[in-house]
Amino acid sequence: MARISEQEAGGRNVLAFLDMIAVSELGRGLIAASDDGYNVIVGSTVKAPLLFRSYSDHPRRLIDLPKLGIKSTAAGRYQVLARYYDAYRKQLGLSNFGAINQDRIALQMIRECRALDDILRGNIAIAISKCRSRWASLPGAGYGQNEHSAEALLAAYATAGGRLA
């Protein structure tokens, strides 16, 4: 579950949306095998999790993903790239890559996609579509990675306690 408060996030729907993104990016098994996903490095699996120990900074590990033909520094519950963490750290005045700060980064990414009002109103399918440029696992993202169906994501959102319009 997201660690940011419901008040800071903007409501229960926003917390549920954050949880949905985590499930989409990491899967329930990897979330359970880690610190709710906050310490996961890209390329992790339930059987072979790659976890980082310190939240003092982004882990900055460049991982080769030959099946996808890419290398990535994605890490954390929302699989944030190191270069984006650096930008958000400055923009949001963050002191570390801790759980609440990862939630704050994801929330800022949602705002940048202009999806926050849709989430607050329960228009989750629209919000998912608006956020697909930020998370490769969302349907229609087009990054060549495993994309989940909107139906599966709406179910994850509902399981996390979100309400639909």
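We did not get these values from a lab; they are worked out from the coordinates using the rules stated. All of these numbers come straight from a predicted model, not from anything done at the bench. With ideal geometry, Cβ positions are generated from the backbone for all residues, glycine too; neighbour counts draw on all protein chains shown.
Using θ = phi - 60° and the Karplus curve 6.51 cos²θ - 1.76 cosθ + 1.60, what whole-Hz ³J(HN,Hα) does each residue of segment 9-26 get, with Gly and Pro shown as x?
5, x, x, 4, 4, 5, 4, 5, 5, 4, 4, 4, 4, 4, 4, 5, 6, 10
Arrange the following residues from fewest to most other Cβ atoms within 10 Å of their Cβ: F52, F97, F17. Kindly include the intermediate steps, with their values, before the conclusion.
Values: F52 19, F97 25, F17 31.
Neighbour counts put them in this order, fewest first: F52, F97, F17.
Report, by chain and number, residues whose modeled amide H sits under 5 Å from the one on I70, excluding near sequence neighbours (fewer than 5 apart, same chain).
Answer set, sorted by chain and number: L65.
Using θ = phi - 60° and the Karplus form 6.51 cos²θ - 1.76 cosθ + 1.60, what ³J(HN,Hα) does each residue of segment 88-101 get, whole Hz, x for Gly and Pro?
Listing the rounded values in order: 5, 4, 5, 4, 9, x, 8, 9, 6, 9, x, 4, 5, 5 Hz.
So what is the relative contact order for segment 6-159, in percent, with contacts set as C-alpha pairs under 8 Å and at least six apart? Provide the component values of the computation, followed by the final result.
Working: 216 pairs, mean separation 34.3, N = 154.
Dividing the mean separation by the residue count of segment 6-159 yields 22 percent.
Only one of the listed values, (i) 17.0; (ii) 18.2; (iii) 15.7, was derived from the coordinates as Kirkwood radius over Cα pairs in Å; which label is it?
The listed entry that was calculated here is (iii).
Can you list which of the trypsin sites (Lys or Arg not before Pro) found in segment 64-153 are DSSP loop residues with at most 10 other C-beta atoms within 10 Å?
Filter output for segment 64-153: K67.
For R163, project a label point 7 Å along Cα to C-beta. Then give me every residue of segment 106-125 with its amide nitrogen under 14 Å of that point.
So the set is 119-124.
Give the cross-link partners of K47 among the aspartates and glutamates, using a straight C-alpha distance below 17 Å as the criterion and excluding same-chain residues fewer than 8 apart.
E25, D35, D36
Which whole-Hz couplings ³J(HN,Hα) result when phi for each residue of segment 73-80 is put into the Karplus expression 6.51 cos²θ - 1.76 cosθ + 1.60, θ = phi - 60°, listed in order with x for Gly and Pro?
10, 4, 7, x, 4, 10, 6, 7
Would you mind computing, in nm to one decimal, how far apart the modelled labels at R61 and A152 are, each placed 7 Å from Cα along Cα→Cβ?
It works out to 2.4 nm between the two label points.
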